Amino acid sequence: MAFQKAVKGTALIGGGAIATVFGLSQFSQYRNKHGTLVHVQAAEALTVPKSKDFPTREQQILALQTTSEFDVLVIGGGATGCGCALDAATRGLKTALLERDDFSSGTSSRSTKLIHGGVRYLQKAIMNLDLEQYKIVKESLEERANLLEIAPHLSAPLPIMLPVYKWWQLPYYWFGIKLYDLVAGSQCLKSSYVLSKSRALELFPMLRKDDLVGAIVYYDGQHNDARMNLAIALTAARYGAATANYVEVLRLLKTADPAGGGKQRVCGVRCRDVLTGQEFDVKAKCVINATGPFTDSVRKMDDQEVPNICQPSAGVHIVMPGYYSPDNMGLLDPATSDGRVIFFLPWEKMTIAGTTDSPTDVTSHPIPTEEDINFILNEVRNYLSVDVEVRRGDVLAAWSGIRPLVTDPNSKDTQSISRNHVVTISDSGLVTIAGGKWTTYRSMAQDTIDAAVKAHGLKAGSSKTIGLQLQGAEEWSPTLYIRLVQDYGLESEVAQHLASTYGDKAFEVAKIAQVTGKRWPIVGKRLVSEFPYIEAEVVYGVKEYARTAVDIISRRTRLAFLNVQAAEEALPRIVDIMGKELNWSEQKKKEELEAARKFLYYEMGYKVKSDQLTHSSEISLSPSDIERYKKRFRMFDKEKKGFITILDVQRVLESISVQIAENTLHDILNEVDLNKNGQVELNEFLQLMSAIQKGHISGSRLAVLMKTAEENLRKRLVIPVDRSGGGL
């Protein structure tokens, strides 16, 4: 208690003036204008009917083709685009949405998974007396509260620890975090608090102890971003919006402006169904550009001479095993070696770390770089105990997302750019929404539709999305998973996963779950043993507009974001199930498998695994280790060929009465087979063992299998072949 009083006293002395002048006057001015919004349940005034279920994709395509004219046509199926479609549809506007890939396939699925106001934006607002930055924080905190309310199954409050290693920083950070609570006002999730060194280490035992003074814990929200995006899209569809993924806009359609003057007005788009190749026109009174990083490419469809307003920034994240962080406590590094902010958060029973912030080119397939991955790992090492070896091989997945920051085209420093959004309307009537952040998608959509209604004279009332519950939220409760266990015989872990992913729609997934043939669980065959995803989710994912294997592994489930090796292992079964649901030919199934593996290899960090092993070609093993590993290798290479194949491994396993499926053995060898010739050479094996010793590689199933086989040739024990949690 004395510790906390001392901190608070110092903070009041050092920060009282700023709190009085800025924190109160500007806070009151802005809150008086906007504070009542969060208390108005606009959804209660909603008169637009909602269908019991959403239409099929085929029905949506037909609606796009046969509707003579929509009021609003949204281009882009990310969080903002889907938010615009939901806002427009619930105002009674005839609405369409086109996405050339899958819903949330871009930036919206590659975030830090936080629903937050932005602590660093508040810091900038105070340091620079910047009212605009302050407004962003205030708006974000209001939207945070709303999002946690309308999708409680997909989101939850998360405590985040800010460790302090210098005494003077404690009052400084305490004041900043308390001001964050103050700005949130009645929407403050839970009050922040100060921890002593011993208490901080008790809650976050992996934390570096040396020079630790104490810590501050504050609360923000966390969510499943891709599933949240999908929930918005499905909710819009249930309110009548014709939403379709895999429909690409080829060009904008224009007609003469009724007002005269020789001007042209945007009146729709020419588009193509990517899956069938069919082209058709979609007419609309208003076209909205909500394409995130691709904002300028659509604007140039309207006017080739228009200057860029979007400066893309790449943010890389990595996923590590869950033992790197407590189950329910995140970590914030407020000042990294280069001034960036790093979050270290528990997510889906794993640990997510990121992000970086660097200028990039716009691409549909951003790739994480080794430099960014190592930057994050080095920052993580600075905050974790020396007892915790932070290994490169423990990176289970890595991805890059492109932030669509709004800036002056001549600006070069993306870190100083605001996340505020802008709505612009071109001379031809194209409405563009750009910038912003995940948390504020709803208010961005509201501002966009407000502008569209005004500019195009559309007949619509005010926004109805505050308090409007998203798909799965209506009948959800924290104990819903218990009914799934009791009524269907699902494993508790699987039931909890289904409840937190589908909300009250989890029962629909449970109903189609296959019988396992075991005493327990009764239903629910897992796609991979260590994750709670089940085969029924693939079938349900197809209903949710999934049309590729990548849709399933990355956005209907999050397997690719959690462990790329597990995702690759699940792919053959996923493709088989989707093939039956969508009537795929054998050739189509082969193409899907190859496309999904390419996605994992380049976009989810799998390539890094091969690169790590290649870069470790200098075998740094002691002579005794080399001899020991050669001896182990020769146990399998009886014919002294210099390499081993599946047949060699099968022969050794049969000699100790162990059977492993051939496809599993193929996967195990393929993890190490660098030149992909179907065999593992001695040099490749030595490179593997060297990389394992350095920590570049962990959890190699081949290494575990061969070591255990060597021991069991004498003991005749069963060999475990499950992944041991190792990564890329």
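Among the listed pairs LYS300/LYS588; LYS52/LYS254; LYS511/LYS589, which are separated by more than 30 Å between their Cα atoms?
Details: LYS300/LYS588 35 Å; LYS52/LYS254 36 Å; LYS511/LYS589 26 Å.
The pairs that break the limit, which is 30 Å between Cα atoms, are LYS300/LYS588; LYS52/LYS254.
In this view, the solvent-accessible surface of HIS223, computed with a 1.4 Å probe and all protein chains in place, comes to about 0 Å².
Cross-link partners of LYS166 among lysines, defined as those whose alpha carbon lies under 25 angstrom from its own and excluding same-chain residues fewer than eight positions apart: LYS5, LYS8, LYS124, LYS178, LYS197, LYS209. Note that the chain presents 41 Å² accessible area per residue, ligands and nucleic acids not counted, probe 1.4 Å.
Highest mean packing comes first when the peptides 136-144, 169-177, 682-690 are listed by Cβ atoms within 10 Å, giving 136-144, 169-177, 682-690.
Calculate for the chain the 222 nm mean residue ellipticity that helices alone would give, adding -39,500 (n - 2.57) per DSSP H run of length 4 or more and normalising by residue count, nearest 500 deg cm²/dmol. Walk me through the intermediate numbers first.
Details: 25 runs with 300 residues, N = 728.
Rounded to the nearest 500, it is -13000 deg cm²/dmol.
With contacts taken as Cα pairs under 8 Å and at least 6 residues apart, region 73-198 reaches a relative contact order of 18 percent. Each peptide among 641-649, 515-523, 87-95 gets the average number of other Cβ atoms lying within 10 Å of its residues, and from highest to lowest they stand as 87-95, 641-649, 515-523. Pairs of Cα atoms nearer than 8 Å and 6+ residues apart set the relative contact order; for the chain it is 14 percent.
Our summary of shape: the Cα atoms of region 479-610 have principal axis extents of 43, 32, 26 Å, ordered from largest down, in whole angstrom. Here the Debye sum runs over all C-alpha atoms of region 617-717 as equal scatterers in vacuum, and log10 of I(q)/I(0) at q = 0.12, 0.20, 0.22, 0.25 Å⁻¹ comes out as -0.36, -1.05, -1.28, -1.60. For the cross-link pairs LYS598/LYS638; LYS590/LYS707; LYS518/LYS580; LYS349/LYS464, the ones whose C-alpha atoms lie over 30 Å apart are LYS598/LYS638; LYS590/LYS707; LYS349/LYS464.
Against the longest principal axis of the chain, how steep is helix 682-694, in degrees 0 to 90 to the nearest 10, with axes from Cα atoms? The helix 682-694 is inclined about 60 degrees to the chain. Rounded to the nearest Å, what's the spacing between the alpha carbon centres of region 299-350 and region 372-399? Just the number, please. For region 299-350 versus region 372-399, the Cα centre distance is 15 Å. Against the main long axis of the alpha-carbon atoms of the chain, helix 586-603 sits at an angle near 80°.
Considering only alpha-carbon pairs that sit under 8 angstrom and 6 or more positions apart, the relative contact order computed for region 479-610 is 17 percent. For helix 25-34, report the angle its Cα long axis makes with the longest principal axis of the Cα atoms of the chain; keep it between 0 and 90° and round to the nearest 10°. For helix 25-34, the angle is close to 80 degrees.
Viscosity 1.306 mPa s, temperature 10 °C: what is the translational diffusion coefficient of region 210-255 from Stokes-Einstein with a Kirkwood Rh over Cα pairs, rounded to a whole number of µm²/s? All intermediate terms of the calculation are to be shown ahead of the outcome.
On the way: Rh = 15.5 Å.
The diffusion coefficient I find is 103 µm²/s.
The listed peptides 324-335, 301-312, 114-125, ordered by packing as a protection proxy, come out as 114-125, 324-335, 301-312 (highest mean of other Cβ atoms within 10 Å first).
Matching the structure-derived percent of Cα pairs over 35 Å apart against the labelled list (1) 70; (2) 52; (3) 49 gives the label (3).
The values are calculated or read from the model by the stated rules, or taken from the named source; none is laboratory data. Predicted, not measured: the structure shown is a model, and the values here were computed from it. Glycine also receives a Cβ, built like all others from the backbone with ideal geometry; neighbour counts cover every protein chain displayed. For the accessible areas, the whole protein counts, side chains as well, though only heavy atoms, and no ligand, DNA or RNA atoms are used. Shrake-Rupley method; radii C 1.70, N 1.55, O 1.52, S 1.80 Å.
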